[in-house]
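Enquirer: Here you go, one structure.
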Ligand SMILES: [Zn+2]
């Protein structure tokens with residue numbers, strides 16, 4: 001037999017790992033009896049949530065009196081404050097969108113470092129500098145500005161694979177983000193906000209005086225449109241023929257496809273249209289109104305009390321539903337699987353959802369437990385209930401658990417963690 005387990009022999013790293021996961025990895029010896037993993041591990045499966053204090057609502061809260069006298073968090077990084085000011089100026093249209101590359105160059109740090117500063121500044125921007133409540137469209141716009149900042153968007157002139165300004169990894173992550181947007185916000189809101197962003201970027205391109213050039217040969221044409229103009233809800237198609245995707249801007253207002261543009265004007269008067277690398281995926285919900293209806297973002301719930309069924313809009317919870325996240329272009333997250341969705345509440349009005357899911361890519365795997373509360377209030381300019389809003393999520397990776405309260409931050413952690421691998 002091995003010698004008796006004794007507190008002095010346990011490595012600090014083991015204690016930290018077990019404290020994070022809540023369960024001993026190797027089993028534990030207690031009162032001279034050994035408790036193997038197979039007895040301990042079924043507990044979380046049976047609903048034991050002790051390792052997720054935010055979810056079950058226990059533990060010491062931030063600002064607790066018992067924490068008095070402890071070391072405070074350090075003051076804000078001045079670079080973050082300066083970046084937040086730049087972001088606010090960009091938000092008001094007083095400067096170009098702020099990019100990680102620009103921040104990295106300014107402070108002489110890596111691009112990843114620049115991105116981290118940008119992310120911190122964005123948080124600062126929304127939590128302390130913005131006083132008015134943001135709409136879902138505003139929050140989505142903020143994320144799109146971040147996501148598309150480095151995308152040159154001139155795919156009509158240059159082939160994206162070679163000259164989008166993005167690395168293969170950045171392109172992959174942009175696709176993942178766009179799918180995440182559609183699952184969190186629905187195709188409609190995503191397409192509406194994308195259109196608003198694209199028009200904003202278009203003004204920049206128009207201002208620089210860029211045109212197609214001396215020959216129509218420079219114009220490659222956008223993705224082909226597989227549908228009729230009557231289903232073009234978000235005006236991605238040519239305004240003349242309604243058959244092809246528009247790829248140039250004429251006279252500052254007319255959005256035409258390649259063949260109509262050729263008939264109407266000369267290449268030196270045609271301004272190329274800005275389009276994200278991932279446009280084909282974004283355009284999809286705008287093109288197919290009928291398909292949108294069949295791809296419902298509702299969940300049916302049967303109440304135990306009276307056996308009646310009610311429908312609830314998924315809202316942000318759509319991010320963690322397999323059938324929603326799997327798009328015609330692929331899954332939202334690699335090897336994503338929903339383990340369980342438990343919808344419960346005191347009555348019709350007060351409904352909560354707890355969703356357990358997992359995803360993995362190569363050697364990285366994530367376990368997700370997220371709780372949502374149902375919000376029946378529609379957003380401005382929208383006619384349906386908002387749906388489930390995230391209240392808290394625990395993401396466990398390599399024995400470490402991190403908590404999130406913002407759905408975009410959760411998506412960020414998952415997309416970065418799962419796609420940012422070699
Ligand atoms: Zn046309």
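Read the figures in this text as sums done on the coordinates, not as results from a lab. Only a predicted model underlies this, so the values are computations on that prediction, with no experimental measurement involved. Glycine gets a Cβ as well: all are built from the backbone with ideal geometry, and neighbour counts include every protein chain shown.
Enquirer: What does the C-alpha gyration tensor say about the overall shape of region 135-287? Classify as rounded when a/c is under 1.5, otherwise prolate if a/b is larger than b/c, or oblate. Each step should come with its number before you reach the end.
Expert: Details: a/c = 1.77, a/b = 1.37, b/c = 1.29.
Cα axes put region 135-287 in the prolate bin.
Enquirer: What is the order of 255, 137, 43, fewest Cβ neighbours within 10 Å to most?
Expert: 43, 137, 255
Enquirer: Given the peptides 241-251, 80-90, 375-385, arrange them by the average over their residues of other C-beta atoms within 10 Å, most packed first.
Expert: Order by mean packing, descending: 241-251, 80-90, 375-385.
Enquirer: Here's another thing I want to ask about it. Test of understanding: extend the Cα→C-beta vector of residue 13 to 7 Å, then name every residue of region 386-422 with backbone N under 19 Å from that spot.
Expert: Inside the label zone: 397-401.
Enquirer: Residue 233 label point, 7 Å along Cα→Cβ, cut-off 18 Å on backbone N: hits in region 359-384?
Expert: 378-384
Enquirer: Need one word for region 344-384: rounded, prolate or oblate. Basis is the Cα gyration tensor (sqrt eigenvalues a ≥ b ≥ c); a/c below 1.5 gives rounded, then a/b vs b/c decides.
Expert: Working: a/c = 5.85, a/b = 1.86, b/c = 3.15.
Here region 344-384 falls in the oblate category.
Enquirer: What does the extension gain come out to for residue 109 and residue 386, with contour length at 0.36 nm per residue minus their alpha carbon separation?
Expert: Computed gain between residue 109 and residue 386 is 95.7 nm.
Enquirer: A follow-up question, please. Taking 22 Å as R0, compute the FRET efficiency from the Cβ-Cβ separation of residue 309 and residue 364 and round it to 0.05.
Expert: Values: r = 39 Å, r/R0 = 1.76.
FRET efficiency, residue 309 to residue 364: 0.05.
Enquirer: Full extension from residue 169 to residue 217: what is 0.36 nm times the residue separation minus their Cα-Cα distance, to one decimal in nm? Kindly include the intermediate steps, with their values, before the conclusion.
Expert: Values: separation 48, 0.36 × 48 = 17.28 nm, distance 2.95 nm.
Result for the pair: 14.3 nm of gain on full extension.
Enquirer: Further, regarding this structure: Treat each spin label as a single point 7 Å out from the Cα along the C-beta direction, and report the residue 264 to residue 342 distance in nm.
Expert: Modelled inter-label distance: 5.7 nm.
Enquirer: Shape verdict for region 145-210, please, from the Cα gyration tensor: rounded (a/c under 1.5), prolate (a/b greater than b/c) or oblate.
Expert: Oblate, since a/c reaches 1.5 and b/c is not below a/b.
Enquirer: Taking the number of other C-beta atoms within 10 Å as the exposure measure, put 218, 344 in order starting with the fewest.
Expert: Lowest count first: 344, 218.
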